[in-house]
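The block underneath contains the structure these notes are about, expressed in structure tokens.
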Amino acid sequence: MQKFVNSLKNNLKIALLTGGPSLERGISLNSARSVLDHLGDENIEIIPIYFDHKKRAYKISKAQLYSNNPSDFDFKLAQHRTPLSAKSLIKLLKKTDTVFPAMHGPFGEDGQIQAFLEKNKIPFIGSSSRSCKMAFDKYEANKNIKAKGFFTLPSALLKIYSKDNKKIMMIFSKNIKCIEPS
């Protein structure tokens, strides 16, 4: 905490994590651009770090963050850059005051990147790995919340290759109570 307070007197260094193995890499890039647009100023140094579809980390420039889509990133980085080793990534992240994960989907929201940061004692913005893991599967999270006595909306789990989906929807629609407008 003292490191963070001292950094406020000087420049604040924030590592901005983006990309990742998820098909939501493009959304992650948009989120990272938004963070950069709204958080960056002369007293805040933002260091973008892009993870490709194989979870390899690359330190990129702010200009690179704005210039490409995920396919371009992966292609260009593989041709012109060497990914950071785990040791180099940890060293880089420990030189910052905090990490801002702006990744979506698996690896970014399911607790994996948070667990990596926790394991290496790197401060970050957001929920703990345990909380992320508990909330990532929306159906299971809904069941857990309901089991603790909180109100939840009715839900049903349909699986893409299940032959029971029609039956599940019939039971679901019979059990759901609609509120008629007055």
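The values are calculated or read from the model by the stated rules, or taken from the named source; none is laboratory data. Computed from a predicted model, the values in this text were never measured in an experiment. Here the Cβ positions follow ideal geometry from the backbone for every residue, glycine too, while neighbour counts run over all protein chains shown.
Any residue that is of a type in the set (Lys, Arg) and in contact (Cβ under 8 Å) with a residue 60 or more places away in the chain - is there at least one of those in region 61-79?
no
Any idea how many residues of region 30-78 are among the aliphatic types (A, V, I, L, M) and out of contact with any Leu (no Cβ under 7 Å at 6 or more places or on another chain)?
So the answer is 5.
Test of understanding: among Glu24, Glu109, which residue is out of contact with any His (no Cβ under 9 Å at 6 or more places or on another chain), closer than 30 Å to Ile145 by Cβ and of a type in the set (Asp, Glu)?
After ruling out the rest, the residue left standing is Glu109.
So in region 123-182, with the set limited to residues that are exposed (fewer than 12 other Cβ atoms within 10 Å of the Cβ) and of a type in the set (Asp, Glu), which one is nearest to Ile113 (Cα to Cα)?
Filtering first and then ranking leaves Asp164.
Got a sec? Which of Gly149, Gly105 is within 19 Å of the chain's Cα centre (by Cα) and either closer than 30 Å to Pro48 by Cβ or of a type in the set (Gly, Ala, Ser) (or both)?
Gly105
So which residues in region 108-159 are under 19 Å from Glu24 (Cα atoms) and either touching a residue at least 24 places away in the same chain (Cβ under 8 Å) or touching a helix residue (DSSP H, G or I) at 6+ places or on another chain (Cβ under 7 Å) (or both)?
Gly108, Glu109, Asp110, Gly111, Ile113, Gln114, Gly126, Cys132, Ala135, Phe136
Just wondering, is there one or more residues in region 88-110 that are farther than 30 Å from Met134 by Cβ, at pLDDT 95 or above and of a type in the set (D, E, K, R)?
Yes, the conditions are met somewhere in region 88-110.
Results for (1) part of a helix (DSSP H, G or I); (2) among the acidic types (Asp, Glu); (3) in the same structural domain as Tyr58 (by TED's automatic domain parsing), shown as yes or no for each residue.
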position	(1), (2), (3)
Lys87	yes, no, yes
Leu93	yes, no, yes
His104	no, no, yes
Gln114	yes, no, yes
Leu117	yes, no, yes
Lys121	no, no, yes
Ser127	no, no, yes
Ala141	yes, no, no
Asn144	yes, no, no
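Determine which member of the set Ala141, Ala32, Ala86, Ala63 is of a type in the set (A, V, I, L, M) and within 12 Å of the chain's Cα centre (by Cα).
On the way: Ala141 fails: within 12 Å of the chain's Cα centre (by Cα); Ala86 fails: within 12 Å of the chain's Cα centre (by Cα); Ala63 fails: within 12 Å of the chain's Cα centre (by Cα).
On inspection, the qualifying residue turns out to be Ala32.
Can you pull out the residues in region 108-140 that are over 17 Å from Ser22 (Cβ atoms) and among the hydroxyl-bearing types (Ser, Thr, Tyr)?
The answer is Ser127, Ser128, Ser131, Tyr139.
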